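The values are calculated or read from the model by the stated rules, or taken from the named source; none is laboratory data. Since the structure is predicted, the reported quantities are computational estimates derived from the model, not experimental observations. Positions of Cβ are backbone-derived with ideal geometry, glycine not excepted, and every protein chain shown enters the neighbour counts. These area figures cover heavy atoms from the full protein model, side chains too; ligands, DNA and RNA do not enter into them. Shrake-Rupley method; radii C 1.70, N 1.55, O 1.52, S 1.80 Å.
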Amino acid sequence: MKSLYEKIYEELKQDIISAKYKVGDKVPSEKELSEYFNVSTITTKKALEKLTHEGFVYRKRGKGTFVSKNTMDMNIVKSDAQNKKPLFGLILTTFDDSFGNKLISSLEEESHDKCFIILRRSLSIPNREDKLIRELLEYGIDGLIISPAKAEHYSLEILKMIVNQFPLVLIDRSFKGLATTSVSTDNEQAAKIGINHLLDLGHENIGILIPEDNGTTTIEDRIKGIVEATAERKIIVNRELWCSDIKSPYPTHEDTKKDIEVIKNHIKKNRNITALFALEYNIAVLAKQAVEQLNLKIPEDISIMCFDSPPRNALEWNFTHLQQNEEEIGRLALNNLLEMYNGNFIIDDIRVSATLIEGNTTVKNAVSKGTTKIK
């Protein structure tokens, strides 16, 4: 049984051979064909790509697809199709100095002489993500690297790509139960490294600061790592010391003030806390302000560590943090996408190790079972 794209390919091929579409004529676009055949643009894109590779048509980006002149032109088209650099889309939730900038630099460096990349941001908004995917597909991208907006949001556009084996690589996050390649930090192992560092410093009463939107596989894996590491040390997990009411990473100014108050109240309520482990850098920044507003010293009264941190110099504030290897994530993501573009569809869940970077926000706890002195 032929696939949908093969049936569309056969029909268009017959229309060209029968001269329904003459030499130089523009054939229907991916969008027009998808509406006519009631299929996705990914399906019609594959049909047009097969016609292009066989030399029946040639494509001009931004102008459309046209019937080739003759067999000689067909061979030229085939050669051009084989030698052209693919155009890939890159959709990130956002990016900044703490995470994303190095990833983009890595992708840009790795793409030299291999492909072109269009960058867009979803801001973790599912509807915006869907719109960006549709726009990129309509523009004619050959593959997509994406950090999904929501772990629980199975984007219809992403599902279409998976079903049609469109070249797709997820980064930083993954979808449970979906057969697609993803490249991310080994967040579970990284969290274990982080919690063990605090435990080795004598901190047994550790406050875990979790974003309110914690359904992503990234946060879930970090929580799992904390629980497992604590259990391995034969320490009871005290979830009363955990706080998951923080709106980071995209709070308004008012939300920022509210989040700081939430953390302050959490510390007041749990005065035995001697260390805070923020699962995101933005939360660590809020925690620092909260601790200082309580007239407590960092790290003497409360130590703070987190995931990621912008690069600092020796004179600036440096969080103890778990540094993700963005360069390696970017390199692996692009190379896997190129493999898919070339027809090698290997589904893989790739995890990259993180590194503990000691800053000036953690210190050995002199009295591990003491009480935080709120002045």
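Excluding ligands, DNA and RNA, the accessible surface per residue across the chain is 49 Å² with a 1.4 Å probe. Comparing 365, 270, 127 in a Gaussian network model of the chain (Cα springs below 10 Å), the most mobile by mean-square fluctuation is 127.
In terms of its alpha-carbon gyration tensor, the stretch 203-296 comes out oblate; a/c meets the 1.5 threshold, while b/c is at least as large as a/b. Among 122, 174, 18, the residue with the largest mean-square fluctuation in a Gaussian network model of the chain, with springs joining Cα atoms closer than 10 Å, is 18. The Cα trace of the stretch 166-224 gives Rg and Dmax of 14.4, 50 Å, the first to one decimal, the second as a whole number.
Given H placed on each backbone N at 1.01 Å, which residues far from residue 57 in sequence or on other chains put an amide H within less than 5 Å of it? Residues meeting the criterion, in which the H sits 1.01 Å from N, are 52, 68.
When DSSP assigns beta bridges and you keep just the ones with both residues in the chain, what percent turn out antiparallel, to the nearest 5? Before the final figure, lay out the partial values.
On the way: 9 of 44 bridges.
Roughly 20 percent of the beta bridges in the chain run antiparallel, per DSSP.
Solvent exposure of residue 21, expressed as accessible area, is near 40 Å², computed with a probe of 1.4 Å over the protein chains only.
Computed on protein heavy atoms with a 1.4 Å probe, the accessible areas place 242, 317 in the order 317, 242, largest first. Which translational diffusion coefficient, to the nearest whole µm²/s, is obtained for the stretch 245-350 from the Stokes-Einstein equation, given a Kirkwood hydrodynamic radius over C-alpha pairs, 25 °C and 0.890 mPa s? Diffusion coefficient, whole number: 151 µm²/s. Annotation: residue 15 carries an accessible surface of approximately 30 Å², with a 1.4 Å probe and no ligand, DNA or RNA atoms counted.
Using +1 at the Cβ of each Lys and Arg and -1 at the Cβ of each Asp and Glu in the stretch 256-341, identify which of 324, 311, 299 lies farthest towards the dipole's positive end. Result: 299.
All distinct Cα pairs of the chain go into the 1/r average, and the inverse of that average, the Kirkwood radius, is 23.1 Å. Run down the lysines and flag those whose C-alpha is under 17 Å from the C-alpha of residue 31, throwing out any fewer than 8 positions away in its chain. The qualifying lysines are 7, 45, 46, 50, 60, 63, 131, 160.
Largest mean-square fluctuation among 23, 363, 183, in a Gaussian network model of the chain whose springs join Cα atoms under 10 Å apart, belongs to 23.
Close amide H pairs (under 5 Å, H built 1.01 Å from N) link residue 275 with 207, 303, residues at least 5 positions away or on another chain.
Length gain on complete extension for the stretch residue 66 to residue 13, per 0.36 nm per residue less the alpha carbon to alpha carbon distance?
Between residue 66 and residue 13, full extension yields an extra 17.8 nm.
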